[in-house]
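Enquirer: One structure, as structure tokens, below. Some questions next.
The values are calculated or read from the model by the stated rules, or taken from the named source; none is laboratory data. Everything quoted here is computed from the prediction, not taken from an experiment. Heads up, the Cβs are rebuilt from the backbone with ideal geometry, glycines too, and the neighbour counts pull from every protein chain shown. Keep in mind that these areas ignore ligands, DNA and RNA; they rest on the heavy atoms of the full protein, side chains included. Shrake-Rupley method; radii C 1.70, N 1.55, O 1.52, S 1.80 Å.
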Amino acid sequence: MNKTKIVLIILGVLVLIGGVVVGAILVKNNQDIREKAAPATTIYITPASQSKTPGSSFTFSVNVDTSSNKVTGVDIRINFDPKAIQITSLQKGTGALNLDQTISNTFDNTGGSIAYAIFTLDSSKAISGSSIEILKVNATVKPSASAGNYNISFNPTTAASATQEGQNVLIGKTPATLTVTSPNPT
């Protein structure tokens, strides 16, 4: 082998090693930036608990705390016990007026579920802040409901999207409890 070939091989190996090192550094930096860029958004039902008698009406809201995310859409999936709870209507929350596109706005009193998904394509309409009401739910306690505690919880598929995020930005989902009490004897 002549000296030129040896020098070229050594140079090629050094360039290859340098490329691997630089690539590893860039991947690590991208991961660090990504971890900082995906702040925590939480979703919760308010009030967290309430007590009602059979036959009475009640309401609850679904709220979000976006942290520093700018939320452009939510897909809310709620489960409830249809033996005790009957949904009467769903209304867009006062904090979600900018989310101007609706995918689903339904409830199933037989299966015990709510599907509510809204979004906006205009990132300038994204919502951010705390205690933002996304959905208001009107319901009744069935007259035949037994006394006890009934969960109103989020399905695992509940999600939120935000500007410049390619993932579900929800990290917490807090359910609620409805306590059905026996009616007062008259």
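Enquirer: With respect to residue 182, is the statement that it is open to solvent by 20 Å² or more (accessible area, probe 1.4 Å), of a type outside the set (A, V, I, L, M, F, W, C) and within 14 Å of the chain's Cα centre (by Cα) true?
Expert: no
Enquirer: Looking at 171, 152, which one is within 18 Å of the chain's Cα centre (by Cα) and under 20 Å from residue 105 (Cβ atoms)?
Expert: The unique qualifying residue is 152.
Enquirer: Sticking with this one: Out of the residues in region 91-131 meeting the condition of being among the β-branched types (Val, Ile, Thr) and open to solvent by 20 Å² or more (accessible area, probe 1.4 Å), tell me which one is farthest from residue 43 (Cα to Cα).
Expert: Among residues in region 91-131 that are among the β-branched types (Val, Ile, Thr) and open to solvent by 20 Å² or more (accessible area, probe 1.4 Å), the one farthest from residue 43 (Cα to Cα) is 110.
Enquirer: Could you grab me the full set of residues in region 102-122 that are over 26 Å from residue 55 (Cβ atoms), β-branched (Val, Ile, Thr) and in a strand (DSSP E or B)?
Expert: 102, 103, 118
Enquirer: Say whether the condition of being in a strand (DSSP E or B) and under 17 Å from residue 175 (Cα atoms) is met by at least one residue in region 87-101.
Expert: Scanning region 87-101, I find at least one residue that is in a strand (DSSP E or B) and under 17 Å from residue 175 (Cα atoms), so the answer is yes.
Enquirer: For region 164-175: of the residues being open to solvent by 70 Å² or more (accessible area, probe 1.4 Å) and at pLDDT 95 or above, which is nearest to residue 52 (Cα to Cα)?
Expert: Checking each candidate, the answer is 174.
Enquirer: Something else now. What is the one condition in (1) closer than 14 Å to residue 44 by Cα; (2) hydroxyl-bearing (Ser, Thr, Tyr); (3) open to solvent by 30 Å² or more (accessible area, probe 1.4 Å) that residue 140 does not satisfy?
Expert: For residue 140, the failing item is (1).
Enquirer: Would you say residue 89 is within 17 Å of the chain's Cα centre (by Cα) and at pLDDT 95 or above?
Expert: The answer is no for residue 89.
Enquirer: Determine whether residue 161 is in contact (Cβ under 8 Å) with a residue 60 or more places away in the chain, hydroxyl-bearing (Ser, Thr, Tyr) and surrounded by 19 or more Cβ atoms within 10 Å (Cβ to Cβ).
Expert: Spelling it out, residue 161 is indeed in contact (Cβ under 8 Å) with a residue 60 or more places away in the chain, hydroxyl-bearing (Ser, Thr, Tyr) and surrounded by 19 or more Cβ atoms within 10 Å (Cβ to Cβ).
Enquirer: Quick one: is residue 63 modelled with pLDDT under 95 and within 19 Å of residue 171 (Cβ to Cβ)?
Expert: no
Enquirer: Determine which single condition residue 73 fails, assuming it passes every other condition in (1) open to solvent by less than 10 Å² (accessible area, probe 1.4 Å); (2) farther than 17 Å from residue 173 by Cβ.
Expert: Residue 73 satisfies all of (1) open to solvent by less than 10 Å² (accessible area, probe 1.4 Å); (2) farther than 17 Å from residue 173 by Cβ except (2).
Enquirer: Does region 31-40 contain at least one residue that is small (Gly, Ala, Ser) and either touching a Lys or Arg at 6+ places or on another chain (Cβ under 8 Å) or modelled with pLDDT under 65 (or both)?
Expert: Taking every residue of region 31-40 in turn, at least one turns out to be small (Gly, Ala, Ser) and either touching a Lys or Arg at 6+ places or on another chain (Cβ under 8 Å) or modelled with pLDDT under 65 (or both).
Enquirer: Something else about it: Could you grab me the full set of residues in region 155-186 that are within 30 Å of residue 143 (Cβ to Cβ) and outside any loop (DSSP other than H, G, I, E, B)?
Expert: 174, 176, 177, 178, 179, 180, listed by residue number.
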